Each structure stands twice: as structure tokens, then as C-alpha cells.
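Visitor: Sending over a structure as C-alpha cells; questions will come in a sec.
The values are calculated or read from the model by the stated rules, or taken from the named source; none is laboratory data. Note that the coordinates shown come from a computational prediction; the quantities given were computed from them, not determined experimentally. Here the Cβ is made from the backbone with ideal geometry for all residues, glycine too, and neighbour counts use every protein chain on show. Accessible surface areas use protein heavy atoms only, side chains included; no ligands, DNA or RNA. Shrake-Rupley method; radii C 1.70, N 1.55, O 1.52, S 1.80 Å.
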Amino acid sequence: VLATCAGMILIAERVENPPQRSYALLPITVVRNGYGRQYHSGTFALESETLPAGTTGTFIRAPRITHVGAGCEVLARRAGDPVLVQKGPILAACFHPELQDDHAVCARFAAMVRTHAARRPVATRGA
């Protein structure tokens, strides 16, 4: 699963501002529009030991992660805040990597899919 921006809100364990129900698949707490309104949107540098140097993220009225629970790994930050997290097969970003050509997050997700697909048993005809 790759959840970006609103998708991350939907899978967060807890959502604030305003509180809302979610699928609670990822042990994080998010605040809607946590980086401000449309005026505060833009492309910002990401801090990461996992992503290539110089990687940026496009934040559009983005949610802010305020708590990361057990087993959830922080892969990137913006000004110290977690903005890219992963737990098992779930990858979630506060930003929109799909808006940039050849973004490292999209490449990471594609690699996750290829790895998972390689592990699946091949169905045989007539089975």
C-alpha cells in the first residue's frame, strides 16, 4: 500500500483537527492541514538516510504526523517532522511523490510491489 496525503489520513490510527474515523492500519497520529492552508503549500527538502540526497516532497495542504507508534519506521523528515513512514507493506507520505518524475518514493514502492509479486505462487491452469 502507498498512501499519500489524504490516503495517509485514511489509514492513520488517529486523526485530529477535526477528529474523524479512519481505517487505523498504521500506528500514527496525523493532524489534517498540519502544515497550513493552500498558501503554505509547496515543494520542500526532505531529510533522510534512506532517500537520495536532494530529494524533495510536494506538500499540498498536507497532514502532519504528530506521533509515530511502535513498529513504524520514519524514512524521511521535513524540518524534523516525520513525513514518510513505513510499517511492513504499508508506505505513507504526507506529500505527493507522484507529482514528480522518477521520485525515489515511487521507486521504493515499485520495488516493494515487485518483491511481493516475486513471492506469490504462480497459479496453474485448471487449478
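Visitor: I need the peptides 48-55, 2-9 ranked by packing, meaning the mean over residues of other C-beta atoms within 10 angstrom, with the highest value on top.
Guide: Per-residue Cβ counts within 10 Å, averaged per peptide and sorted highest first, yield 2-9, 48-55.
Visitor: Can you order the peptides 59-66, 91-98, 32-39 by their average number of other Cβ atoms within 10 Å per residue, highest first?
Guide: Put in order of decreasing packing, that is 91-98, 59-66, 32-39.
Visitor: Could you work out [θ]222 nm for the chain from helices alone, using -39500 (n - 2.57) per DSSP H run of at least four and dividing by all its residues? Round to the nearest 500 deg cm²/dmol.
Guide: Helices in the chain give a 222 nm mean residue ellipticity of -5000 deg cm²/dmol.
Visitor: So how far apart, in nm, are the two label points at A117 and A24 if each is 7 Å from Cα heading toward Cβ?
Guide: In this crude spin-label approximation the distance works out to 3.4 nm.
Visitor: Using a basic spin-label model with each label point 7 Å from the Cα along Cα→Cβ, how many nm lie between R14 and A70?
Guide: 1.5 nm
Visitor: If I take R0 = 22 Å and measure r between the Cβ atoms of V1 and Q38 in this structure, what FRET efficiency does the formula 1/(1 + (r/R0)^6) give, to the nearest 0.05?
Guide: Given R0 = 22 Å and the Cβ-Cβ separation, E is 0.25.
Visitor: When a/c is below 1.5 the answer is rounded, else prolate if a/b is larger than b/c, else oblate, so apply that to segment 33-80 with a ≥ b ≥ c taken from the square roots of the Cα gyration tensor eigenvalues.
Guide: In terms of gyration-tensor shape, oblate.
Visitor: Considering only protein heavy atoms, with the full assembly of protein chains and a 1.4 angstrom probe, order L84, L10, L46 by accessible area, largest first.
Guide: These residues rank, largest area first, as L10, L46, L84.
Visitor: If you don't mind, another one. Classify segment 43-127 as rounded, prolate or oblate from the Cα gyration tensor: take a ≥ b ≥ c as the square roots of its eigenvalues, call it rounded if a/c is under 1.5, otherwise prolate when a/b beats b/c and oblate if not.
Guide: Cα axes put segment 43-127 in the prolate bin.
Visitor: Shifting gears a bit: Provide the per residue accessible area, probe 1.4 Å, for the chain, rounded to a whole number of square angstrom.
Guide: 60 Å²
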